[in-house]
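The values are calculated or read from the model by the stated rules, or taken from the named source; none is laboratory data. All values derive from a computational prediction rather than experimental measurement. Cβ coordinates were reconstructed from backbone atoms using ideal geometry, including for glycine residues, and neighbour counts include every protein chain displayed. Note: accessible area is taken over every heavy atom of the protein model, side chains too, but ligands, DNA and RNA are not part of it. Shrake-Rupley method; radii C 1.70, N 1.55, O 1.52, S 1.80 Å.
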Amino acid sequence: MRVRPGLFDAVLFDRDGTLIEDVPYNGDPARVRPLPGAREALDRLRAAGLRLAVVTNQSGIARGRFSHADLTRVNARVDELLGPFDSWQVCPHAPAAPGTTGCRCRKPAPGLVRAAAEALGTRPTRCVLVGDIGADMTAAGAAGASAILVPTAVTRAEEVAAAPAVTDDLAAAADLILRRHRLGVDDGVPTVGDPGGPASRTRTGRSRRVLVVRSDSVGDVLVTGPAIRAVAAGADRVVLLCGPRGRAAAELLPGVDELVEWRLPWIDPRPGPVDAREMARLVERLARIGADEAVLFTSFHQSALPLALLLRMAGVARISAISDDYPGSLLDVRHRVPAGVPEVERALSLAAAAGFRLPVDDEPLLRLRTDRLGGSGGEPGPARAPVTFDGAGATGGVATVDDRATDGGAVTVGVRPTVDDDRAGLPAPGYVVVHPGSSVPARACPPALCAEIVVALTDAGHRVVVTGGPGEDTLTAQVAGRTGIDLGGQTSLAGLAAIIARADCLVVGNTGPAHLAAAVGVPVVSLFAPTVPFGQWGPYRVPTVRLGAADAGCRHTRATSCPVPGHPCLSDIAPRQVVEAVRLLDRRNPTDHDPGTPVPPAGLLTAAVAAGGPVLANAAAGLEEVGP
């Protein structure tokens, strides 16, 4: 499969209510009316080299409201007005009766999205779906595709809240797609230094040694991985400055040659006082790295400027960072990114602005080094120099830690995970992992509910493994109960990644293991507290079903402890919804086409995926069956 530059190969569209006016069970081509601006938006996407397809539920066939011939004529009229489309994928099935299993193509099932990607010669992860209801968003997410909601009068408020991205119309959706498509490929429009100040120190040619910085938690470090690989592709040596909370993840990233661990008081969530002597030691340590330049990766709420000042004092000649604040002479490349961009793409855009791009054959997916996981999942590390470590203690200072295990579950380099398959008594691959813990209490699902989820999954025939970090033994014992396998506190981060890599699915909140699952390609049932935007922080480019009340009172508050009594964003999740979401993500029958489904003529590709997938009903999570 040939990989093209840019983040996307194809854009998929729902038909009724997205491209054309929604006329229920329409079998008359004369009633087809394109929505305002549709033609212009589609043509702009085609001009950018993106392929276009339609993915649409048309249960009117199964209900007897119109015929296959009627459907063909209506689709031909849409193609005449808005096409040509490169693929048409249609589900002709009716919704499944309550308590029964429906087809795997009817949205919110992911079958149409998978079939469209296959027909277009790409993968769902390189597709983006534009639709008008929650079922469209769920189908895209469950396939691993990106999604944009363009609400209409029938779109419910909870569907808008749960969508990963929302625009007012198709024109704005096209703008967003094209902007994201170019992130990490184009330089964007960085502001270089002070427009009225000194000239930029422009880098020419390949860098000898680059310092990259992500001083944050496990998940933050993991989502920066593609951008770090982009830097590694243009540098002889990459040194990563990380904090103690993210070091275990930093050790797993491809492209990193050396780690320096230091707690930064303007980043750490529980900072001590700023100590002048410690800052002087940090400047000295940064100078010893001998970096030609530095790329400072931060989250949207953090500032890169304190470290940029120290790097200037350490003699680093070229510094790039995202900054809305005026940097004076601290930055050579001052980059800006619109709000709401996924963190992976935000970091990639900074790397591109600094002059570093992923090679065309390196997809912007999260990856791990298999030589740190005992060969389970992830990607092999590049042939680079051995990793060395320097570290700062809790109170500052440099302590050589070499290959000793440290707090935060760091794995000893070159050693298999703490728990291996034989000693842990793990079942054969294909179990479901439930990870109930979180370093941020507001994002944790109530333990009693997690225990009910384990029982429900077991009753549905799944083997369940319960995992947890250091100090979570009591929690995981409660959640595992009598039916789950309790591995709480028994694994390093690398060991946890190896366990997740053997799973069919991970059930987890918005915490580091969700990004581990994305890095090893394992689907995620995301019990996502809406304290931060899902489109920015949800699992990236991996099949995902989001559950939870996206419109709860804690929405976008960045609260660390739940500000709403009863924790309603997660406590109202029903265990059966988790079971249904796991079934929706089942990859064992991904794109089987039903040979018994008639295919309309006139050259329109209509695919129906074989029966066997579930139909979900959960308005709060956008998993409901709505429309034709």
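What ranking, highest mean first, results for peptides 102-112, 58-68 when packing means the other Cβ atoms within 10 Å averaged over each residue? The partial results should precede the final answer.
Numbers: 102-112: 28.7, 58-68: 17.3.
Ranking the peptides 102-112, 58-68 by packing returns 102-112, 58-68.
Skip the ligands, DNA and RNA, and give the accessible area per residue of the range 89-184 with a 1.4 Å probe, whole Å². Please list the in-between numbers first.
Working: 2660 Å² over 96 residues.
Here the residues of the range 89-184 average 28 Å² of exposed surface.
Can you send over the carbon and sulfur percentage of the accessible area for the range 421-510, probe radius 1.4 Å, protein chains only? List each step's numbers first, then the result.
Values: 1680 of 3340 Å².
About 50 percent, which is the carbon plus sulfur part of the accessible surface.
What does the accessible area per residue of the range 479-587 come to in Å², with a 1.4 Å probe and no ligands, DNA or RNA counted? List each step's numbers first, then the result.
Numbers: 3150 Å² over 109 residues.
Here the per-residue accessible area is 29 Å².
If packing is taken as the average count of other Cβ atoms within 10 Å, what order do 321-327, 347-353 fall into, highest mean first? Numbers along the way, then the final one.
Details: 321-327: 17.9, 347-353: 27.3.
Final packing ranking: 347-353, 321-327.
Going by a ≥ b ≥ c, the root eigenvalues of the Cα gyration tensor, does the range 1-147 fall in the rounded group (a/c under 1.5), the prolate group (a/b larger than b/c) or the oblate group? Please report the intermediate quantities before stating the final value.
Working: a/c = 1.96, a/b = 1.18, b/c = 1.66.
Here the range 1-147 falls in the oblate category.
Can you give the percent of C-alpha pairs in the range 221-315 whose distance is more than 17 Å?
Working: 2315 of 4465 pairs.
Tail fraction, whole percent: 52.
Considering only protein heavy atoms and a probe of 1.4 Å, how much of the accessible area of the range 1-117 is carbon and sulfur, as a whole percent? Intermediate results must be reported in sequence, preceding the final value.
Working: 2190 of 4280 Å².
Whole-percent figure for carbon plus sulfur exposure: 51.
Arrange the peptides 219-227, 503-511 so that the one whose residues have, on average, the most other Cβ atoms within 10 Å appears first. Write out the running numbers ahead of the final one.
Values: 219-227: 28.0, 503-511: 25.0.
Listed from highest to lowest mean packing, they are 219-227, 503-511.
Could you compute how fast the range 435-521 diffuses translationally, taking Rh as the Kirkwood radius over C-alpha pairs and applying Stokes-Einstein at 10 °C with viscosity 1.306 mPa s? Give it in µm² per second. Could you put the intermediate results ahead of the total?
Numbers: Rh = 12.8 Å.
Rounded to a whole number, D works out at 124 µm²/s.
Out of the total accessible area of the range 242-343 (probe 1.4 Å, heavy atoms of protein only), what percent is carbon and sulfur? List each step's numbers first, then the result.
Numbers: 2070 of 3740 Å².
Within the range 242-343, the accessible surface is 55 percent carbon and sulfur.
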